[in-house]
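Visitor: I have a structure I would like to understand better, so I am pasting it below and will then ask my questions one at a time.
The values are calculated or read from the model by the stated rules, or taken from the named source; none is laboratory data. No experiment lies behind these values; they were computed from the predicted model shown. Counting neighbours? That spans all protein chains shown, and the Cβs are built from the backbone with ideal geometry, glycine included. With ligands, DNA and RNA removed, areas are computed over all heavy atoms of the protein, side chains included. Shrake-Rupley method; radii C 1.70, N 1.55, O 1.52, S 1.80 Å.
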Amino acid sequence: TQLLEQSPQFLSIQEGENLTVYCNSSSVFSSLQWYRQEPGEGPVLLVTVVTGGEVKKLKRLTFQFGDARKDSSLHITAAQPGDTGLYLCAGGGGFKTIFGAGTRLFVKA
Amino acid sequence: GAGVSQSPSNKVTEKGKDVELRCDPISGHTALYWYRQSLGQGLEFLIYFQGNSAPDKSGLPSDRFSAERTGGSVSTLTIQRTQQEDSAVYLCASSLAGAQETQYFGPGTRLLVL
């Protein structure tokens, strides 16, 4: 059974700090997605990474896919209160997509 | 609208009652998914519809759960004889055909079974 473990489960930081959240698996994934979910909303796709070692940047967010395509990280620079939310990683695609439990981030002003 | 819509947004029901949750996918999306999200848990796959093919029901937790998709568009998830452990957020997503297509999620229905 494929599993995605995310860490930390919860993170509370001050505005302006940097942070990294992790998504790890013992399985190889053909692609990996990161979603952000805000309270009362469904998850919204941030990025998809497909190549081992790939790095993608989205403004202050940097996503990296591990060389072996088993893990990924999300780094946020100078976090802002608007970054508050649940960050989910997901592996695979279509109806076989596996979701992690998420990292709940709270950025205090 | 341009996105996936779900109704109701919130539902409070009594144990033993039946509930119906509705999902309107993005127009033109042939794939539709239902997930359940419990507090502190990841998204739990429930059921998948692709075009006119038979749905993949492998994620449904019990025979109290069923879903249908009429005309290849709107879908209804029905939970019969609800139990307190059914309390969760039920999310619907749709995508274009294909195993690697991006899923677009609706806002979810928050179900509370008393």
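Visitor: What nm distance separates the two modelled labels at A:Glu15 and A:Leu58, each placed 7 Å from Cα along Cα→Cβ?
Guide: Taking the two extended label points, one gets 2.3 nm.
Visitor: Note down, for chain A, the three equivalent ellipsoid semi-axes (square root of 5 times each alpha carbon gyration tensor eigenvalue), biggest first, whole angstrom.
Guide: Details: eigenvalues 102, 43, 28 Å².
The equivalent ellipsoid of chain A has semi-axes of 23, 15, 12 Å.
Visitor: Tell me which trypsin sites (Lys or Arg not before Pro) from region A:31-109 have a DSSP coil assignment and no more than 12 other beta carbons within 10 Å of their own. Could the numbers behind the result be given before it?
Guide: Numbers: sites: A:Arg36, A:Lys56, A:Lys57, A:Lys59, A:Arg60, A:Arg69, A:Lys70, A:Lys96, A:Arg104, A:Lys108; in loops: A:Lys59, A:Arg60, A:Arg69, A:Lys70.
In loop regions of region A:31-109 (DSSP not H, G, I, E or B), the sparsely surrounded trypsin sites (Lys or Arg not before Pro) are A:Lys59.
Visitor: Something else: Summing both sides, how much accessible area is buried between B and A? Use a 1.4 Å probe and give Å² to the nearest 100. Before the final figure, lay out each step's value.
Guide: Working: alone 6240 and 5950 Å², together 10770 Å².
The buried area between B and A, both sides summed, comes to about 1400 Å².
Visitor: Looking at chain B as a GNM with Cα springs under 10 Å, which of B:Val74, B:Val12, B:Val89 has the largest mean-square fluctuation?
Guide: B:Val12
Visitor: What translational D, rounded to a whole number of µm²/s, comes out for the protein assembly as shown from Stokes-Einstein when the hydrodynamic radius is the Kirkwood one over Cα pairs, at 20 °C and 1.002 mPa s?
Guide: For the chosen part, D equals 119 µm²/s.
Visitor: By its C-alpha gyration tensor, with a ≥ b ≥ c as the square roots of the eigenvalues, how is region A:24-79 shaped: rounded for a/c under 1.5, else prolate for a/b larger than b/c, else oblate?
Guide: Working: a/c = 2.26, a/b = 1.43, b/c = 1.58.
Because a/c hits 1.5 or more and a/b fails to exceed b/c, region A:24-79 counts as oblate.
Visitor: Then there is this: How much of the accessible area of region A:18-109, in percent, comes from carbon and sulfur atoms when a 1.4 Å probe is used?
Guide: Ligands and nucleic acids excluded, carbon and sulfur reach 52 percent.
Visitor: If I build a Gaussian network model for chain A, linking alpha-carbon pairs within less than 10 angstrom, which residue out of A:Gln37, A:Gln80, A:Gln14 has the largest mean-square fluctuation?
Guide: Top of the fluctuation ranking is A:Gln14.
Visitor: At 7 Å along Cα-to-Cβ for each site, give me the label-to-label distance between B:Ser7 and B:Thr102 in nm.
Guide: That separation, rounded to one decimal, is 2.7 nm.
Visitor: Right, next: Take the alpha-carbon centre of region B:50-114, take the same for region A:30-109, and report the distance between them in whole Å.
Guide: The distance from the Cα centre of region B:50-114 to that of region A:30-109 comes to 23 Å.
Visitor: Now a separate question. Run the reach check for A:Lys96 against lysines, Cα to Cα strictly under 27 Å, same-chain hits fewer than 8 apart removed. What comes back?
Guide: Filter leaves A:Lys56, A:Lys57, A:Lys70, B:Lys57.
Visitor: Here is a follow-up. Just reorder B:Phe65, A:Phe106 by solvent-accessible area, largest first, 1.4 Å probe, all chains present.
Guide: So the residues, ranked largest to smallest area, are A:Phe106, B:Phe65.
Visitor: How well do other chains shield peptide B:29-40, expressed as the mean number of their Cβ atoms within 10 Å of each residue Cβ?
Guide: Details: counts 0, 0, 2, 1, 3, 0, 4, 0, 8, 1, 0, 5.
Across the residues of B:29-40, the mean count of other-chain Cβ atoms within 10 Å is 2.
Visitor: Could you work out the mean count of beta carbons from other protein chains within 10 Å of each residue's beta carbon in A:37-48?
Guide: Numbers: counts 6, 1, 0, 6, 5, 16, 9, 3, 4, 0, 0, 2.
Per residue, the average neighbour count from other chains is 4.
Visitor: Give me the log10 of I(q) over I(0) for region B:1-110 at q = 0.10, 0.19 Å⁻¹, as the Debye formula computes it from C-alpha points; what are the numbers?
Guide: -0.25, -0.94
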